[in-house]
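FYI, it's all coordinate maths here, none of it is from the lab. All figures in this text were calculated on a predicted structure; none of them were measured in a lab. All Cβ positions, even for glycine, are placed from backbone atoms using ideal geometry, and neighbour counts span all protein chains on display.
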Amino acid sequence: MSRVISGHYLDGDSAAVQEAQLLIDSGEELAVLGIAAPFRARLASVRFIAPVGNIPYRVKFENGAVFETRDRAAVSAALRAVGYRESSKIVQWAENHWPVALGSLLVTIILTVGFVQYGIPALADITARNIPKSVDQLLGQQSLELLDDLMFESSNLSAAQQATLIARFRAMTDNIGDGQHYRLQFRYSVLLGPNAVALPSGIIVMTDELVELAEHEDELLAVLAHEVGHVKERHALRQLLRSAGISALALAVLGDASSMASLVGFVPALLEAQHSREFEREADAFAKSWLKSHGIPSSRFDQILCRISHAADVLADEDYSYFSSHPPLAERAQCKP
Ligand SMILES: [Zn+2]
């Protein structure tokens with residue numbers, strides 16, 4: 001059985017394009033016919049270059065000459081008919097050496113995971129360093145407006161109570177000199193309960209419930225120091241950029257394969273949780289060093305964390321910390337049961 005495929009021949013020396021036919025009549029050789037000097041070549045010596053998009057299928061010879069055809073299916077069929085596999089040599093080689101193929105699959109997986117784990121955070125952090133602080137300001141202002149709509153009500157704390165904490169907070173943040181405009185605000189929030197939130201712009205919101213839960217002012221300063229740690233390291237912006245990077249990568253790798261969408265949606269959430277653990281540890285480290293340099297025992301921080309954890313357990317069901325992106329407070333602070 002043999003097949004003749006029409007196409008064009010380029011001899012590799014001149015720019016001339018000649019009409020030609022490719023004849024595949026054995027599992028060993030093929031022939032180029034219809035040109036001034038027809039010739040035969042060993043199948044093993046030619047390269048079959050599969051087309052991408054609209055580019056013609058190419059058969060490349062050792063001397064640089066090329067036979068081109070748009071009828072890829074005919075070439076494939078002819079090669080199949082003579083029992084020859086057209087896959088590229090490297091793929092053939094890998095197929096005959098399956099441990100290598102398996103190994104390269106593993107390397108691909110490891111590289112992808114490594115890129116998500118380390119590459120994206122590094123790229124996001126470099127990007128964050130190049131984003132002016134005015135962007136943080138804008139993000140923070142808009143986040144506060146959103147939170148005010150969603151979960152905050154005005155504070156019921158007395159003006160004197162607020163003023164004392166704001167003065168202590170100013171003393172904490174005045175000399176940081178990182179270009180952030182630190183401000184402390186109070187809100188009442190049934191939804192958040194005893195909590196504090198750092199917004200990218202340097203706005204830290206503390207809930208009335210947290211102030212009421214504290215048994216010592218130093219406990220609140222410890223929480224504020226932790227939140228200042230988040231702002232100083234620009235965690236909100238960095239998290240935003242990391243999430244965007246992971247989503248973009250997932251889209252690039254999986255395209256719009258909708259059956260994978262739910263799975264893909266889960267992966268960024270999982271990684272965000274892990275990244276946010278890293279940020280929590282950074283913020284904790286900042287808080288502990290601030291406490292140490294101000295002669296406040298770090299146990300004040302553990303005590304308030306444990307009390308928040310206990311309050312959260314009472315408020316929410318047992319699964320509260322399971323899906324929470326934060327490491328369980330009790331685990332961070334090593335609370336006594
Ligand atoms: Zn935190």
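Quick notes on this one:
- Most to least packed among 71-83, 202-214 [average Cβ atoms within 10 Å]: 202-214, 71-83
- Sorting 305-312, 178-185, 221-228 by average packing, meaning the other beta carbons within 10 Å per residue, from highest down gives 221-228, 305-312, 178-185.
- Rounded FRET efficiency, nearest 0.05, which uses the C-beta distance separating THR127 from ILE166 and R0 of 35 Å: 0.60
- Were the residues from LEU33 through VAL135 laid out at 0.36 nm apart, the gain over their Cα-Cα distance would be 30.0 nm.
- Residue-normalised convex hull volume from the C-alpha trace of region 1-63: 99 Å³ per residue.
- Region 93-206: translational diffusion in µm²/s, Stokes-Einstein, Kirkwood Rh over Cα pairs, 4 °C, 1.567 mPa s: 72
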